[in-house]
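A.B. asks: Attaching a single structure in structure tokens format; questions to follow.
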Amino acid sequence: MTVQRRSFLQLPAAFALAAPAAVAITGTAAAADSWPSQPIRFICPFAAGGPTDVAARIVADALGPVLSQRVVVENRTGSGVVIGTEATAKAPRDGYTFLYSTVAHAVLRPLFPNLSFDPVKDFQPVALVGTIPMLLMVNNDVPARNLQELIALFRASPGKYNYGSSGAGGAVHLATELFLQQAGGLKVNHIPYRGAAPAMPDLLNGNLTIFLNVASDGVASVQRGQTRALAISSARRMPQLPDVPTFAEAGLAGFEAYTWHMIFAPAGTPAEIVQRMNAAINRVMGEDRVRNRFMEMTIDPNSTSTPDSAAQWLHAEMAKWEPLVRAAGITAG
């Protein structure tokens, strides 16, 4: 789908803000009125070429023509997501620096108690652009054929089996601990890896019993028959694996877990700019080209987010994951 290059102020009325009163505009109001007048920066606290970086670049590239300005992704990695997040928190509040991050933002406080910034007070959520469910995969030699049989297997032999994660304190680790907790406090050994890729061979050779991985990294191995999927952590089944039940359908009601992608502005960014960026993001997330790219990555795209709904999502996720991190004694990897 070709996107016409035009000024954001030429967007349809549904996306436009009310015209300002005919009075002299100074300070932040003037800045908001002329925004954007220079390239915009998305700070991504994940490595270049990884799935979060790829998604950030899809959104950034689509936003360029809509805003009539380049949107550049800058990878700032280190200390988990702390380095890039801190850089955004300390950036000017002028609408030219945003953070493209994930569920990792929701667990910064318990994992890094000595932060120089506050993940809530120093950020304004702009839009939740997509969610990614987790796929519970087992080694093909595991005798359990469904979720209830797996739970029974773990319950019968506490500490005998292993699960993998893509890193201590990451989305996979958190989701697996939540599953074990909600299934009755199951005892399964955690083996953290530096990313999902090195964990997959150990799942295939039996060193890992289960891997509750992000769906984008697991679908192919299930489709090839290398692993078996027992459940998906979303509220509905995946089109790519229509025979795999949700956790609720498999007998664990109330279990849902996602990683997700959200765009933040530094707190204090003018509200007019936040609203305009939100409208632009929703517009591109509704484009077939962007939606299709996201769905190919098994990201459920969202084109209806508001700053308020994104903030509500963030607070709900923090309320869900922060107590789990503390109760399980999870530390940053």
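A.B. asks: Does region 278-333 come out rounded, prolate or oblate by the C-alpha gyration tensor, with a ≥ b ≥ c the root eigenvalues, rounded set by a/c under 1.5 and, if not, prolate when a/b is larger than b/c and oblate if not?
C.D. replies: Since a/c reaches 1.5 but b/c is at least a/b, the shape of region 278-333 is classed as oblate.
A.B. asks: Cα centroid distance between region 111-131 and region 57-86, in Å?
C.D. replies: After rounding, the separation between the Cα centres reads 15 Å.
A.B. asks: Apply 1/(1 + (r/R0)^6) to the Cβ-Cβ distance of residue 328 and residue 248, taking R0 = 25 Å, and write down the FRET efficiency to the nearest 0.05.
C.D. replies: Given R0 = 25 Å and the Cβ-Cβ separation, E is 0.65.
A.B. asks: Let me spell out the model: positive unit charges on the Cβ of Lys and Arg, negative unit charges on the Cβ of Asp and Glu, origin at the Cα centre of region 213-281. What dipole size does that give, in debye rounded to 20?
C.D. replies: 140 debye
A.B. asks: Please compute the net charge surrounding residue 39, taking Lys and Arg as +1 and Asp and Glu as -1 over other residues with Cβ under 12 Å from its Cβ.
C.D. replies: With Lys, Arg at +1 and Asp, Glu at -1, the net is +1.
A.B. asks: I'd like the accessible area for residue 237: 1.4 Å probe, protein heavy atoms, all chains in place, Å² to the nearest 10.
C.D. replies: 100 Å²
A.B. asks: Moving to a separate point now. Which order do 121, 90 take when ranked by solvent-accessible area (1.4 Å probe, heavy atoms of all protein chains), largest first?
C.D. replies: 121, 90
A.B. asks: Right, another one. If you put +1 on each Lys and Arg Cβ and -1 on each Asp and Glu Cβ, how big is the dipole of the chain around its Cα centre, in Debye rounded to 20?
C.D. replies: Working: 26 positive and 24 negative charges, 42 e Å.
Roughly 200 debye for the chain.
A.B. asks: Estimate the FRET efficiency between residue 149 and residue 204 by the formula 1/(1 + (r/R0)^6), using the beta-carbon distance for r and 22 Å for R0, to the nearest 0.05.
C.D. replies: 0.60
A.B. asks: What residue among 295, 309, 330 has its Cα farthest toward the positive end of the dipole of region 289-333, where the charges are +1 on Lys, Arg and -1 on Asp, Glu, each on the Cβ?
C.D. replies: With unit charges placed on the Cβ atoms, the residue in question is 295.
A.B. asks: Continuing with the same structure: Over the chain, what percent of the accessible surface lies on carbon and sulfur atoms, probe 1.4 Å?
C.D. replies: 51 percent
A.B. asks: Follow-up question, since we're still on this one. Kindly provide the pair-distance distribution of the chain built from C-alpha pairs, with 20 Å bins from 0 and whole-percent values in order of increasing distance.
C.D. replies: Cα pair-distance distribution for the chain, in percent: 31, 53, 15, 1.
A.B. asks: Could you work out how far apart the two model spin labels at residue 157 and residue 320 are, taking each label as a point 7 Å from the Cα in the direction of the beta carbon, and quote it in nm?
C.D. replies: For residue 157 paired with residue 320, the spin-label model returns 3.2 nm.
A.B. asks: Pulled fully out, how much extra length does the chain show between residue 77 and residue 109, if you take 0.36 nm times their separation in residues and subtract their Cα-Cα distance?
C.D. replies: Extending this stretch completely gives an extra 9.7 nm.
The values are calculated or read from the model by the stated rules, or taken from the named source; none is laboratory data. Here the structure is a predicted model, which means the values were calculated and not measured. Glycine also receives a Cβ, built like all others from the backbone with ideal geometry; neighbour counts cover every protein chain displayed. Note: accessible area is taken over every heavy atom of the protein model, side chains too, but ligands, DNA and RNA are not part of it. Shrake-Rupley method; radii C 1.70, N 1.55, O 1.52, S 1.80 Å.
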